[in-house]
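The next block holds one structure in the form of structure tokens; read it before the comments.
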Amino acid sequence: MNRQITLASRPAGYPKESDFNLVEVPVPAPEDGEVLVKTIYLSVDPYMRGRINASKSYAANVEIDEVMIGSVIAQIVASKHPNFQVGDVVNAGIGWQEYGVAAGDGLRKIDPTIAPISTGAGILGMPGLTAYFGLLEIGKLQERETVFVSGAAGAVGSVVGQIAKIKGCRVVGSAGTDEKVAYIVDELGFDDAFNYKEVTDYHEELQKLLPDGIDVYFDNVGGAITDVVFPNLRIKGRVVICGQISQYNLEKPETGPRFLWNMITKRARIEGFLVSEFADRHAGALVEMSEWLRQGKLKYHETIEEGGIESAPAAFISMLKGGNIGKQLVKIADID
Ligand SMILES: NC(=O)C1=CN([C@@H]2O[C@H](COP(=O)(O)OP(=O)(O)OC[C@H]3O[C@@H](n4cnc5c(N)ncnc54)[C@H](OP(=O)(O)O)[C@@H]3O)[C@@H](O)[C@H]2O)C=CC1
Ligand SMILES: CCCCCC(=O)/C=C/[C@@H]1[C@@H](C/C=C\CCCC(=O)O)[C@@H](O)C[C@H]1O
């Protein structure tokens, strides 16, 4: 049998475990052009919070009793596609379930000789690519500039800071615990960082840590931290809107930012993006990122919930509340 997590109810505020159901269905069979995969690691990501709301956003919602949306690192157990063999490891968008059928066309193979396969959902997957394209293409980062990244100890933010260091920049990050602050400074090489839950005056903190101002702000969180970036921008600064996680679980959205006149005086630019816009360049970026990983210029951490498919809701809620360092995954099965 195949165990799946379905959406039971639409959460108000933070999701609860009771917003999800565990159900059992028969394992499906692949048709021509398809593969049957067994999930090894399940990825839980912030964007999933938006997909379980009632109101439509930029992408389709998960309906009640539907399997939760998501991508997995999985092993092929049956193949009816000429390019895939039993045993191959792939990244497949089958959602929160132990087994699933996926179309072979467009499926990304994971090379287990480069790094552990779990990285295909993290530093060598969608979050790593988000950092790469957000910083280099949207942020147009130049050597020796100054960078501030919020959500700096997470899957995306931790890579943003390291790429900025590779480019010779001064990098400051914000994160929600002292352990995370120590991790990004001591392990990842950020120049400085602060715990946004302890610091009360963000403006004063940014003036202290980045006294010459910010060339590129990589925004993963939005809210009060983002508000105070605007007066701290340098001339021609760039604000990259990657995510706004501080707002995803609010029942009533906050107002702001109210410092946008700084965009005029600083002749600055603000731009949102989706990593999927760069899909035709993902493969090339992964080659460069893999090489940085091999050279030790990029490091990563994963927070892995070992409790199987039934623990996916708890891992998702924990990630939304800051329980992860680096990429949050759920281990579903061992690889054969
Ligand atoms: N534009 C795009 O294409 C993409 C955008 N994203 C966005 O990037 C951001 C980071 O994603 P990802 O790296 O996967 O997730 P993370 O690994 O960073 O995990 C989420 C983190 O968000 C932080 N957080 C939660 N609530 C708040 C809050 N109120 N204020 C500040 N921080 C908070 C927590 O860390 P802490 O302990 O520091 O609070 C938590 O660990 C998200 O906003 C996501 O939506 C991700 C992928 C693609
Ligand atoms: C208003 C909500 C903003 C949410 C921003 C965000 O987090 C967007 C993320 C996705 C992202 C990932 C979506 C699917 C995962 C693909 C599977 C994989 O490669 O591992 C990207 O694809 C565009 C946004 O939908």
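The values are calculated or read from the model by the stated rules, or taken from the named source; none is laboratory data. Note that the structure is a prediction, hence the values are computed from the model and not measured. Cβ coordinates were reconstructed from backbone atoms using ideal geometry, including for glycine residues, and neighbour counts include every protein chain displayed. The area values use the complete protein model at the heavy-atom level, side chains included, leaving out ligands, DNA and RNA. Shrake-Rupley method; radii C 1.70, N 1.55, O 1.52, S 1.80 Å.
Tabulated values for the structure
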item	result
Of Glu302, Glu98, Glu143, the one that fluctuates the most in a GNM where the chain has Cα springs shorter than 10 Å	Glu143
Among beta bridges that DSSP assigns inside the chain, antiparallel share in %, nearest 5	55
For Ala193, residues with placed amide H under 5 Å, excluding near neighbours	Gly173
Between helix 282-294 and the chain: long-axis angle, C-alpha atoms, 0 to 90°, nearest 10	80
Point-charge dipole on Cβ atoms (K/R +1, D/E -1) for region 104-150, about Cα centre, debye to 20	60
Where region 1-105 is the region considered: accessible area per residue in Å², 1.4 Å probe	44
Lys266 accessible area, 1.4 Å probe, all protein chains in place, Å² to nearest 10	40
Shape call, region 240-302: gyration tensor on alpha carbons, a/c limit 1.5	prolate
Using θ = phi - 60° and Karplus 6.51 cos²θ - 1.76 cosθ + 1.60, couplings along region 318-329 (whole Hz; Gly, Pro as x)	4, 4, 4, 9, x, x, 9, 10, x, 7, 8, 10
Relative contact order of region 238-298, defined on C-alpha pairs under 8 angstrom at six or more residues apart (%)	41
GluC sites (Glu not before Pro) restricted to DSSP loop in region 1-45 with at most 11 other C-beta within 10 Å	Glu31
Accessible carbon and sulfur surface of region 126-276 relative to its total accessible area, %, 1.4 Å	51
Helix 157-166 axis, angle to the chain major axis (alpha carbon atoms, nearest 10°)	60
³J(HN,Hα), Karplus 6.51/-1.76/1.60, whole Hz, each residue of region 57-65, x for Gly, Pro	10, 7, 9, 5, 7, 7, 7, 4, 6
Rounded if a/c under 1.5, otherwise prolate or oblate - the chain, Cα gyration tensor axes	prolate
Prolate/oblate/rounded label for region 185-336 (Cα gyration tensor, a/c 1.5)	prolate
FRET E, pair Asp178, His203, Förster distance 25 Å, beta-carbon r, rounded to 0.05	0.75
Largest to smallest accessible area among Asp215, Asp65, Asp88 [probe 1.4 Å]	Asp65, Asp88, Asp215
